[in-house]
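Just so you know, all these numbers are worked out from the coordinates, no wet-lab data involved. Since the structure is predicted, the reported quantities are computational estimates derived from the model, not experimental observations. As a convention, Cβ positions derive from the backbone with ideal geometry for all residues, glycine included, and neighbour counts pool all protein chains shown.
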Amino acid sequence: MEHIDHAVVRRFDTRSSRPCEFCRELDPHFGQRRPLDQMVASNRRAAASSHLTEDGYVRHRMLELRRIAARAPLTAA
Ligand SMILES: [Zn+2]
């Protein structure tokens with residue numbers, strides 16, 4: 001029985017982290033993420049690099065890129 005995940009959760013306790021506002025607003029699957037993948041460091045802004053986990057970072061970047069793509073003017077190829 002491994003206890004690694006539990007140790008990670010204890011290290012990033014909720015007092016030093018908060019859910020990412022950006023992801024919470026834009027990701028329809030936000031609630032299905034692992035709790036740690038939702039969190040950013042509480043003293044950082046809601047940016048991809050503030051995420052505590054690699055998966056959270058990647059998902060945040062994907063949301064940013066999708067938003068940029070949606071905003072870009074459509075050009076007929
Ligand atoms: Zn985020």
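Remark: 39, 62 ranked as 62, 39, counting other beta-carbon atoms within 10 Å and listing the fewest first.
Paramagnetic label reach from residue 62 (point 7 Å along Cα→Cβ; backbone nitrogen cut-off under 16 Å): within the stretch 14-44, residues 23-39. Taking amide H atoms as placed 1.01 Å from N in the peptide plane, the amide H of residue 40 lies under 5 Å from those of 18, 20, each 5 or more residues away in sequence or on another chain. If you plug the beta carbon distance of residue 69 and residue 41 into 1/(1 + (r/R0)^6) with R0 = 35 Å, you get a FRET efficiency near 0.80. Amide H contacts for residue 53 (H built 1.01 Å from N in the peptide plane; partners 5 or more residues away or on another chain; cut-off under 5 Å): none found.
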